[in-house]
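Worksheet for the structure shown next.
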Amino acid sequence: MREPFSAGELPLLHDGGVVMPPGPQWRCRLLPAPGVAGHPLSAAQRQHALALLQQLRPAGIPLAPPVPHPAGLCCHAAADADGRVQAYALLRADRSVEMVAVLPTGCWPPHAHAWWPGVYEIPLLQQIPPLLLPLAGALALPAPCSLQMTLLALQGSALIAKRQQGSERAYPLPAGVDRIELPVVRLDGCDAERKRALIQTLDQVRRCAGADTATAFYL
């Protein structure tokens, strides 16, 4: 959360009551088409959008109702004993939506932070038709919208995948890799072509780690 950000990129929330525990993080931003102004929202559209925002499940983690935040309106997971939250969804003033989750990890010696297939990929794929596409519509986001995903705080972490022979092992992220910027994916529908493009994008994490599976490791 403290590494430098590229030009024009907004940092993760680290104020306004949203503090996250350490560990690898997945961020997904729902963005409108660049350079196109959206229509003003009606009260009904805004209410619908906030209801959908609360239903989002970053990495499958449920969220509480939205509360005001300096960056917009934020739904976050229940806080732990130290006041830290595992996930949040934020509706920013520009109507972009940001989901962030700290990935649930376990120890797979010698890796202290190893995560299993599908922890963020499967919930994302499941939520596109019933939640993300309707949310883009409720927010009157100019089409085509896109998804921009980043994995953060990866130093010293590993992902679990099956080898060609079928047994599981941990694949560490290369030394020096602390974040992975995934290619932007257009979200103007949920047909087979769009789903295939999204899976190929998600699968680049596996390739970065050198996992030798033949197909997307979380399916």
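The values are calculated or read from the model by the stated rules, or taken from the named source; none is laboratory data. Since we're looking at a predicted model, the values are computed, not measured. All Cβ positions, even for glycine, are placed from backbone atoms using ideal geometry, and neighbour counts span all protein chains on display. The protein model used for the area step is the full one, side chains on, heavy atoms only, and it has no ligands, DNA or RNA in it. Shrake-Rupley method; radii C 1.70, N 1.55, O 1.52, S 1.80 Å.
Pulled fully out, how much extra length does the chain show between Trp116 and Arg46, if you take 0.36 nm times their separation in residues and subtract their Cα-Cα distance? Don't jump to the answer; show the numbers that get you there.
Numbers: separation 70, 0.36 × 70 = 25.20 nm, distance 3.59 nm.
So the chain would gain 21.6 nm between Trp116 and Arg46.
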| note | Heads up, region 65-106 by the C-alpha gyration tensor (a ≥ b ≥ c square roots of eigenvalues; a/c under 1.5 rounded, else a/b over b/c prolate, else oblate) looks oblate
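Order His69, His48, His39, most accessible first, counting only protein heavy atoms with a 1.4 angstrom probe. Each step should come with its number before you reach the end.
Working: His69 20, His48 95, His39 135 Å².
Largest accessible area first, the residues go His39, His48, His69.
Please express the shape of region 79-153 as an equivalent ellipsoid: the semi-axes are the square roots of 5 times the eigenvalues of the C-alpha gyration tensor, given largest first in whole angstrom.
On the way: eigenvalues 164, 49, 23 Å².
Equivalent ellipsoid semi-axes, largest first: 29, 16, 11 Å.
Using only alpha-carbon positions, what ratio does the radius of gyration of region 70-219 give when scaled by 2.2 N^0.38 Å?
On the way: Rg = 16.6 Å, N = 150, 2.2 N^0.38 = 14.8 Å.
Cα-based Rg divided by the globular estimate yields 1.13.
Once neighbouring chains are kept in place and the probe is 1.4 Å, which whole percent of the accessible area of region 105-212 is contributed by carbon and sulfur? Walk me through the intermediate numbers first.
Details: 2580 of 4810 Å².
Carbon with sulfur: 54 percent of the solvent-accessible area.
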| Percent of alpha carbon pairs in region 23-75 separated by more than 18 Å? | 48 percent
| note | Quick calc: nm separation of the 7 Å Cα→Cβ label points for Ala79 and Ala64 -> 0.7 nm
| Overall dimensions of region 135-181 by Cα: Rg and Dmax, Å | 17.2, 48
| task | Please give the length that would be gained between Ala140 and Cys107 if that part of the chain were fully extended, namely 0.36 nm times their separation in residues minus their C-alpha to C-alpha distance (nm, one decimal). | result | 7.6 nm
| said: Can you compute the charge dipole magnitude of region 121-203 about its Cα centre, using +1 on each Lys and Arg Cβ and -1 on each Asp and Glu Cβ, nothing else charged? Give it in debye, rounded to the nearest 20. | reply: 180 debye
| Using a 1.4 Å probe, how large is the accessible area of Thr105, given in Å² and rounded to the nearest 10? | 50 Å²
| Mean separation of Cα contacts under 8 Å (6+ apart) over length of region 111-193, as relative contact order % | 38 percent
